[in-house]
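Novice: Please find one structure pasted underneath; my questions will follow.
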Protein chains: 2
Amino acid sequence: MDKVLGVLGGMGPLASAHFMVRLTLLTPAARDQDHLPAVLWSDPRVPDRTAARLRAGEDPLPALLCGVRGLEAAGAGAIAIPCNTAHGWYAEMQAATRLPILHIVDAAAAELRRLGVPEGRIGVMGTAATLAMRLYQERLGQLGYDCLVPSEAEMASRVTPAIAEVKANRVAEAYAPLAEVARALVVRGARAVVLGCTEIPLGIAAGPVLPFPVADTIDGLARASLRWAGY
Amino acid sequence: MDKVLGVLGGMGPLASAHFMVRLTLLTPAARDQDHLPAVLWSDPRVPDRTAARLRAGEDPLPALLCGVRGLEAAGAGAIAIPCNTAHGWYAEMQAATRLPILHIVDAAAAELRRLGVPEGRIGVMGTAATLAMRLYQERLGQLGYDCLVPSEAEMASRVTPAIAEVKANRVAEAYAPLAEVARALVVRGARAVVLGCTEIPLGIAAGPVLPFPVADTIDGLARASLRWAGY
């Protein structure tokens, strides 16, 4: 394997560390040397993406581009970013590098197809900024999906606090509120639910398996990375 | 936090990914920006350390030094290496960089003290090369520990195959043989057992908790890294 995957992470750090675990476990490998070389640039100092988009907080783009430069220098052949909200700056990052940046929403779409959901009504959970930027609604809409999102009340009382719990290492506490909102989306007609913030699959993994298809954007991006590498 | 931890990993890749998870979970943090910035250089192509030491296999030092250079260029302030066997090349790596390299055996000693085992007879499990190089026996011997190691038969039939299982992503299969050898060391008089190969705590975590103190060198190195960073 002469390809090196660059991982622009730290957003949050638990999600990108878990991405590295899943990337490894999803690789067909019999020994160390069969695995994919990777460099994880884990910079949790990147200014908060949601605050930047919704509350005119500090711009994360300079820190994101610093990470892109670091991964270029480290010899990466492509970049994966296990943070959905950071994809609000995808165009600016892609314009700034010759390396392909794997898009997490495309990875989620591939995950939905893998789960047997090629179109139709789906639920999308994510940060308030990801939903406000319509990252999923637009890109998946073009592929024939109709995206249901949580209500503002569900976001404020359940999803946003649960994401913050994971970032503060209180992962188990995040399960109940996230599972409740996922179930509510299915009751409203979703055939599957996209966990469109990389903290959300960590919380959802901390409790009983949900009885409907969930597209995990950590696993989806790991599979897209392995496809890029030719596994 | 203006420090950046460099992690020379990929040996194996699951162990270094799990190191990043534990580093994150052991950090007192309320939000992304409270976590420690880190760069993980995960290069599973590094030639097999055990084969190099015991069977005159390809020298891993050039690949290790390439990783050290990469971490220097990425702005690391110290280097942690979540692979015990690679510490057989510690002196050469430390001589080649101004960055401090945190020594995993010192981290294991700190972990033993944290577990209430400040001296005495302990068991040490590791690769055949780690034991043959006497990495633990010498360095812990100077601190007042008396190191019991598995027999050659236990190494050949239990420990070495279990380490290979983890590197091939068959983690659950590694529990029984590793737990059996750890128990045998306690029967022979060990007060605690050092899991002195970073694949071993992954296997041991896949089954019931052992009823004696075990010093996990992944957690120990993560705690040493956080102490270096001033957490």
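Novice: For chain B, what is the calculated [θ] at 222 nm in deg cm²/dmol (nearest 500), taking -39500 (n - 2.57) for each run of four or more DSSP H residues and dividing by its residue count?
Specialist: Calculated from helices alone, the mean residue ellipticity at 222 nm is -12500 deg cm²/dmol.
Novice: List B:Ile79, A:Ile81 from most exposed to least, where exposure is judged by having the fewest other Cβ atoms within 10 Å.
Specialist: Lowest count first: B:Ile79, A:Ile81.
Novice: Among all the lysines, which ones have a C-alpha under 25 Å from B:Lys167's C-alpha, if same-chain residues fewer than 8 places away are not counted?
Specialist: A:Lys3
Novice: Now, a different point. Specify, for chain A, the residue whose C-beta is closest to the rotation axis mapping it onto chain B, with the distance given in whole Å.
Specialist: A:Leu40, 2
Novice: What number results when the radius of gyration of region A:97-231, computed over Cα atoms, is divided by 2.2 N^0.38 Å?
Specialist: Here the Cα radius of gyration is 1.01 times the empirical estimate.
Novice: For region A:76-149, run through the trypsin sites (Lys or Arg not before Pro) and keep only the ones in DSSP coil with at most 10 other Cβ atoms within 10 Å of their Cβ.
Specialist: In loop regions of region A:76-149 (DSSP not H, G, I, E or B), the sparsely surrounded trypsin sites (Lys or Arg not before Pro) are A:Arg98.
Novice: Just tell me how shielded B:4-13 is by partners: mean number of partner chain Cβ atoms within 10 Å of each residue's Cβ, no decimals.
Specialist: Details: counts 4, 1, 0, 2, 0, 4, 8, 1, 6, 13.
Neighbouring Cβ atoms belonging to other protein chains average 4 per residue here.
Novice: Peptide B:163-169: average number of partner chain Cβ atoms within 10 Å per residue? Walk me through the numbers before you get to the answer.
Specialist: On the way: counts 0, 3, 0, 0, 8, 7, 9.
Other-chain Cβ atoms within 10 Å of each residue's Cβ, averaged: 4.
Novice: Where the centroid of each part is defined by its Cα atoms, how far is region A:187-207 from region B:9-75 in Å?
Specialist: For region A:187-207 versus region B:9-75, the Cα centre distance is 31 Å.
Novice: I want to make sure I understand the PRE zone here: with the label point 7 angstrom from the Cα of B:Glu58 toward its beta carbon, which residues in region A:1-32 have backbone N atoms less than 13 Å away?
Specialist: A:1-2, A:32
Novice: Same structure, new question: What per residue convex hull volume, in Å³, comes out for the protein assembly as shown when only alpha-carbon positions are used?
Specialist: Per residue, the Cα convex hull of the protein assembly as shown comes to 136 Å³.
Novice: Something else now. Quantify how strongly other chains surround peptide A:43-55 by giving the mean number of their Cβ atoms within 10 Å of each of its Cβ atoms. If you can, show how the numbers build up before the last one.
Specialist: On the way: counts 8, 12, 9, 3, 2, 3, 1, 0, 0, 0, 0, 0, 0.
Whole-number average of other-chain Cβ neighbours for A:43-55 is 3.
Here, each number is a calculation from the coordinates, and none is a lab measurement. Just so we're clear, the structure is a prediction, and the values are computed from it rather than from any experiment. Virtual Cβ from ideal backbone geometry, glycine too; neighbours counted across all protein chains shown.
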